[in-house]
Every structure is written in C-alpha cells, then in structure tokens.
Amino acid sequence: MCRDNIIMCVLLTSSCHWCVSGMNAAVRATVRVGLYTGAKVYFVHEGYQGLVDGGDNIRPATWESVSMMLQLGGTVIGSARCKDFREREGRMKAALNLVKLGITNLCVIGGDGSLTGANQFRTEWSGLLVDLVKAGRITDAEAKKSSHLNIVGMVGSIDNDFCGTDMTIGTDSALHRIIEVVDAITTTAQSHQRTFILEVMGRHCGYLALVTALACGADWVFIPEMPPDEGWEDHLCRRLTDQRARGSRLNVIIVAEGAMSREGKPITSEQIKKLVTDRLGFDTRTTTLGHVQRGGTPSAFDRVLGSRMGVEAVMALLEATPDTPACVVSLSGNQAVRLPLMECVQVIDFNLAQSNQHAVFMICRSFENNWNTYKLLAHINPPDVKSNINVAVMNIGAPCAGMNAAVRAAVRMGLIQGHNMLAVHDGFDGLAHGQVEPITWTAVSGWTGKGGSMLGTKRTLPAKILEEISQNIAKFNIHALVIIGGFEAYVGGLELVQAREKYEEMCIPMVVIPATVSNNVPGSDFSIGADTALNTITTCDRIKQSAAGTKRRVFIVETMGGYCGYLATMAGLAAGADAAYIFEDKFNIKDLEVNVEHLLAKMKTTVKRGLILRNENSNSNYTTDFIFNLYSEEGKGIFDCRKNVLGHMQQGGTPTPFDRNFGTKMGAKSVLWLTEKLKECYRHGRIFANTPDSACVLGMRKRALTFQPLAELKGDTDFEHRIPKTEWWLKIRPIMKILAKYNIKLDTSEHTDMEHVIKKRSPLGK
C-alpha cells in the first residue's frame, strides 16, 4: 500500500497536558510506517497549542528523528494545555496552518478530552474552510484540495478510562511503577508489622487501584465505581484484625484518588489511617505515589502496544474516505481494532453521568471480571459447608514468574468453593512419590509477588511413572487436577488423558494453565511468565545506550524460548532491533548478508549502532557465535561487535503486573470450571470423567479465555520442536522489519473493519 501524495501529521496532545510512557513508541511507529508508505509526515510540537501557533511547531519528521525513542518516558514532541483550541477562532488558526501545508490526515494521541476535541475539529472542518476563504486567508483551490480531514486517535492515559479498549497506552507502565513501590513497602511493613495505605492515581477511574489490589493481594481496595457498603468501617477493621489473628504481619489497603462513599463524600488515605489507628491501634503509614506513576521507562507491553497501534493508525488513515467517521485504534484481547471515536466518548459520558455499577459493567467487562475476582479472593472466611472434593495443584516444567500467583488464586478459589486443596510438590515426580499435602488460605499469602515456583517444579513427564501416579491419586483421593506449567504440562496432561483407558484413577477433570517464558503452549496466545521475560530482555536498552555512546557498534543478543521465537520477536519490536532470527521464520546465508549490508548502510547515517536478536534454537548451524563472527568479519573497519547471552535471568525475577493478574485470573477461572465439570462427572456416588472436554487447556485465544480439550489440540502441535503449528504473533514480524527500515511488503490482507462499542465485550483486561 502506497500513497505518494498523502500528507499526515502526528499530534501528541492531552486535555490536561500529561504524557505517559509508551507514547514515544506510538509516535515512532506512526512516523516510520507513514514514511514507509510514501507519505510525508509532520510532527506537531506542543500538542494543540503547536497546531494553533504553527510555524516551527509543525516540522517534517524523518526516519532518524525518531531513533532512540522507544525506551524514553513522556514524549519527545511535547504536549500542552491549549485554551485557544477550545474556541472556534483557535481551531480556525489550526485549520489554516494545516491547509497551508497540505495536511489532511491527523493522528492524535491523547485522552478522551483530546480525542473529543479532534472529532469536533473534523466536524467543523468544512465550515472552517468556508470562513477562511471568505476572510481571504486561503484560496478556493486550497480549500478544494483540503476538502476533508481524516482523523485517527490513539488513547494515551495511565487511567485506562477510555471505553472500547482493554488497555490504553501508559497503563501497564504505570502499574509497573506502582507495583515496584508496593513490593518495596511490603518488605518494611512485614518487618515492623505495619498497615500501609497506598493512594494511586486514576481520576474518576479505579482501574489502577483495582488491578494493583489484585496484583499484591491487598486486604481492601477503595474505588469510585464501587463505593463500599454502609458500615464499611466496621467491616474493614474486622478484616484487618482477622488477618493479624491468622499470623499476617502486613496489611495493605489501596485507595484510588477518586474513591468516595455511597453518599458521594470523598474517602481519603488520611481518613482511613485515622480509622485504623484509633480503632485498632495498628502502626499505620500512608503513601501517595503521585506523578511517579506517569514517568519512567515504558514497559515492554506499552512499547509493543504503542507500536502496533501506530501501525494500525497509519493503515486507518490510508484507507479513510470522506465518509469514514473519525476512529480510535483500540486493543481487544490481542487484536488491534478500530472503533468510532464519538461512540466511545458518548459511552464514557454516559458512564460518568450514571456513576453506578450497572453503567461500569455494561461498557467494561474486564472491569467486572477484575472486580469479581478480587472480591472472591479477598475473603478470608471460606464456607462452613464442605464439598468433600479434593483438588490438587501442581507446577510442571521450568519455573517462571507468575506461577505462584496462579497457584494462590487456584487454592483460594477452591477453598471458597468448599473444596479441600492439596499442594503437589516437585511436579509429577512429587505426585508419584506422595509429596502431597493440604494447603491453606494463609499458606499462599503474599505469593502473587514471588517469582519462581513455591511448590517446586520438575520437567519429568508422567508416562514412565503412571502406576505410581495412579496409586497416589487414589491414596489422596484426588478428584481434580490443576496443572500449571509449560510444554511439559501440556504433554503431561495429554499422557494422563491417554492413560485413562488403563488407569481409572486418571478419569478425573484436569485443566492445564500455560505458564512458561517461551509462550509455546498450544491453545493459548499468551503464557504466564512471558511478559516478565520480555521486560527482562528490554535490558537491551542499556546495550543500545552503550552502543550509542561508543558509536559504530552492533550487539548480538541471544534470547531463550526453545524453538519458539516469541520472545525474540516481541523483544525485537520492544527494543527496536534491526533483526530477530527465529526458528519459525527460516533464514539462510543470503538473509544474513542482507542484514549485514543493512547495518553497513545504517552506519553511514546518524544512527551508528545496531541490535540483533537470536532465538536460542533458531538454527543449529547459524549459531550465536557464528553470527557474531560473521558480523565481526564483515563489519571490519566500519563497526565492531559485542555478544550477550541473557540465559536464565529471563526465567527469574519479580513477576510483572500483567503476569500477576493474568495468573490470578487464570487460576481462579480454572477452579470455577473444574467445580462445574465435577458436577457433570458425578455419577453413582463418585467422580468419573473420560470425555475429551473433561481435560482442557485454559488459554487466551484472540479475545476470550477459552477451555480447549487437550486431545483436540494435538493436531495443532509440533511435538518435535515443542511449539504450536499456528502462532498469531508471526503476523507482527513484518512490523519489526519495517520499523527497522527494511523494504518489505506489509501484509494488509486481514482488513480491520470498524467495530462498535456496544457490541464489544472485553473478556480479560489486564
């Protein structure tokens, strides 16, 4: 797709002149893909104010001008409040500046107020041109040439308060900042047996507060959408007292800045502190995070999100007609979608006017899912009536961040259902050797923020120890099994299902929850742990910075992932790599030669550095050492090379907010599903499950969490290379190559049609 005559500009603005991490990724992608399509691209500096003032505020953007932007927070092109643009005279000045430059395509990155202003500008466009012609400020020919204005918006806001998208640019990075503080606070709070009250931002939206509460297992959360019931003060004090009585040395309360009571009165951190101190005498501290939440290095998620949205925004502009309504590029599951801008804004206005539970849930199912999950897992009094069902939880394969969050959620949800929960230590080995014991509510306290596997995990598959496993399933009277892990968990689940013909003990409901940095489990687009690994790999920022300092340097970095190239591809997009070699995208010596020539040409520009990623099993002959030696030899006299093998550091570390919450929701949902399946499989006084749909993988597919029978996924599995045969993220690889300035064809066969907000339901959220 190429439009040699199209001219567009990137306008970064916000109704309250705040910028968020990830915006630069969107700017970079919009500029580079715009240039790739043959368009002339302009920056508008200082937001709408720059659009009104014109002059040097509207300047051509070049490929090199957006280099080294990915890792920067805020925005390099500036943003500002603009009273002038709110008046028609100001908008007329803005229109004049655009007409004189021949700009008829506008990409706006900002919040709902900014996007509403952009839509108003578009609605008035024809009238503004008429007035400019009458005033003699433009000619009839100029007005005819600029007869219509196309607008595409991208939402940048830490509040995640824009209807129609699962996530706004900047939200994930803000959650990173918040969780870093929470983790730091909890260590000192546990040491001193303190209660900490943490106030987070969000204006009228409690998303940050709610997701933070989920991610850290907070004792209580105050959000504006769900004011607490009358008498909440007694309930809060009772819950905190119960937690201390159960041995907890720590209490955490999260407060959204817009929290209020049912009477509409603000609930403040100081008010809560006074309540806890006066009634309970607990040592209590308050922390208000403030604008630290808006700053810092953008997360890998925000970099990829901004990049994908930038690409989709350019495509939307290229496909726009005079009849196309202004649209906003949104995220639904892992899909980029387009929604009518004003439809989104109207629903937001309705939500604010209603300010009640029905309104919130009607437009944002992810909020409802988060709220319901939090409410369930925050209870500390499981039902008195027991189900007499024993559910076992185990980890299989290599450890990864987020596994413990899934275990915690599964255990607590099971106890809430009245089940007896059993912990299996050391995977299938532990099950075969009887390493099974009851696990309680308090035993999993604080697990959401811990990396690795608290239960212990091994790669052993069950095929050779089925006899011992069946005996212990019978011995411990296990009625259902939650298997959390990577490809070994998937294969192990399959082997248990296949053993049902011989071992009746295996005829119990089972669910596999994908948890691996490799993201290679069939049946799910995402695995727990992959997001944390991606953020670890973005240490490439430091490598690029080193290269920028020394000039003319290329770094070769090896990533994990087995035969799956997900980590290398997404890290390449997040870090701005020049190439990423993976097993699924076959390459040969000619491809390596093209990449070397590309870097040789790059060194002649002002961007004198390079970054090459290689998936560990991308090619048995073209090893990391081979590629390093090849680049070193061919770059002699022009650039030198350095090599880094990241290794197992990608498996460790504190889980990211995404992995904590993804693991929490997956663990909770798996046990709810098992509970229903157990009812279906109860026959003649015992559990008997031998149908394919009684053993499933719980995964996210496009826009929904789905349970897929293990047996049905066999056909989509490359068992030799331990990867699915179909991988959605492969379609993103061309974006990385285009952003690195390779002259390749961008596949636009999957056309993104305009959708509607009312029909859209977010299944997961973050």
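The values are calculated or read from the model by the stated rules, or taken from the named source; none is laboratory data. Remember, predicted model here, so these are calculated numbers, not experimental data. Cβ coordinates were reconstructed from backbone atoms using ideal geometry, including for glycine residues, and neighbour counts include every protein chain displayed. Keep in mind that these areas ignore ligands, DNA and RNA; they rest on the heavy atoms of the full protein, side chains included. Shrake-Rupley method; radii C 1.70, N 1.55, O 1.52, S 1.80 Å.
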With DNA, RNA and ligands ignored, accessible area of Phe367 (1.4 Å probe; Å², nearest 10): 10 Å²
Per-pair calculated FRET efficiency, R0 = 30 Å: Thr440 and Thr187 via Cβ, rounded to 0.05: 0.80
Degrees between helix 300-319 axis and first principal axis of the chain (Cα, 0 to 90, nearest 10): 50 degrees
In degrees, nearest ten, helix 466-475 long axis to first principal axis of the chain (Cα): 70 degrees
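Would you rank Arg194, Arg86 by solvent-accessible area, highest first, keeping every protein chain in place and using a 1.4 Å probe? Show your work: numbers first, answer last.
Details: Arg194 45, Arg86 150 Å².
Sorted descending by solvent-accessible area, the residues read Arg86, Arg194.
Could you please report the charge total around Lys458, scoring K, R as +1 and D, E as -1 over all other residues with beta-carbon less than 9 angstrom from its beta-carbon?
Here the count lands on -2.
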With all protein chains modelled, accessible area of Lys475 [1.4 Å, Å²]: 150 Å²
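Relative contact order (percent) for the stretch 172-291, with alpha-carbon contacts under 8 angstrom and 6 or more residues of separation? Spell out each step's value before the answer.
Details: 204 pairs, mean separation 43.7, N = 120.
Relative contact order for the stretch 172-291 comes out at 36 percent.
Would you list Leu208, Leu289 from the most to the least accessible area, probe 1.4 Å?
Working: Leu208 0, Leu289 20 Å².
Descending order: Leu289, Leu208.
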Surface accessible to a 1.4 Å probe, Arg59 within the full protein complex, Å²: 110 Å²
Packing-based order for 393-402, 249-258, using average beta carbon neighbours within 10 Å, highest first: 393-402, 249-258
For the chain, with +1 on Lys and Arg beta carbons and -1 on Asp and Glu, the positive-most of Leu613, Trp63, Ser524 along the dipole: Trp63
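Please sort 94-100, 167-173, 523-529 by packing, taking for each peptide the average over its residues of neighbouring beta carbons within 10 angstrom, highest first. Could the numbers behind the result be given before it?
Numbers: 94-100: 21.7, 167-173: 28.7, 523-529: 26.3.
Most protected by this proxy first, the peptides run 167-173, 523-529, 94-100.
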Sparse-neighbourhood loop sites, trypsin sites (Lys or Arg not before Pro) in the stretch 267-341 - DSSP loop, at most 13 other Cβ within 10 angstrom: none
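Using Cα pairs under 8 angstrom and six or more residues apart, how large is the relative contact order of the chain, in percent? Walk me through the intermediate numbers first.
Details: 1749 pairs, mean separation 104.6, N = 766.
In percent, rounded to a whole number, it is 14.
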Proximal lysines relative to Lys274, as straight alpha-carbon distance under 29 Å, when same-chain residues fewer than 8 apart are discounted: Lys265, Lys375
Cleavage-rule hits, GluC sites (Glu not before Pro), the stretch 678-722, DSSP coil, Cβ neighbours within 10 Å at most 16: Glu720
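Calculate what fraction, in whole %, of the accessible area of the chain sits on carbon and sulfur atoms when a 1.4 Å probe is rolled over the protein chains. All intermediate terms of the calculation are to be shown ahead of the outcome.
Numbers: 14210 of 28480 Å².
Carbon-and-sulfur percentage of accessible area, whole number: 50.
Any idea of the accessible area per residue across the chain, 1.4 Å probe, to the nearest Å²? Numbers along the way, then the final one.
On the way: 28480 Å² over 766 residues.
Per residue, the chain has 37 Å² of solvent-accessible surface.
Taking every DSSP beta bridge with both residues inside the stretch 172-291, roughly what % is antiparallel (nearest 5)? Could you put the intermediate results ahead of the total?
On the way: 1 of 15 bridges.
Around 5 percent of the beta bridges assigned by DSSP in the stretch 172-291 are antiparallel ones.
Would you please put 213-225, 599-611 in order of how densely packed they are, using the mean number of other Cβ atoms within 10 angstrom per residue and starting with the highest? Kindly include the intermediate steps, with their values, before the conclusion.
Numbers: 213-225: 24.9, 599-611: 17.5.
Averaged packing, sorted descending, gives the order 213-225, 599-611.
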Cα long-axis angle, helix 232-245 against the chain (0 to 90 degrees, to the nearest 10): 50 degrees
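Please state the shape class of the stretch 172-291: rounded when a/c is under 1.5, otherwise prolate if a/b exceeds b/c and oblate if not, all from the C-alpha gyration tensor. Don't jump to the answer; show the numbers that get you there.
Numbers: a/c = 1.77, a/b = 1.08, b/c = 1.63.
Oblate is the answer for the stretch 172-291, as a/c is 1.5 or above yet b/c matches or exceeds a/b.
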Largest to smallest accessible area among Tyr742, Tyr631 [probe 1.4 Å]: Tyr742, Tyr631
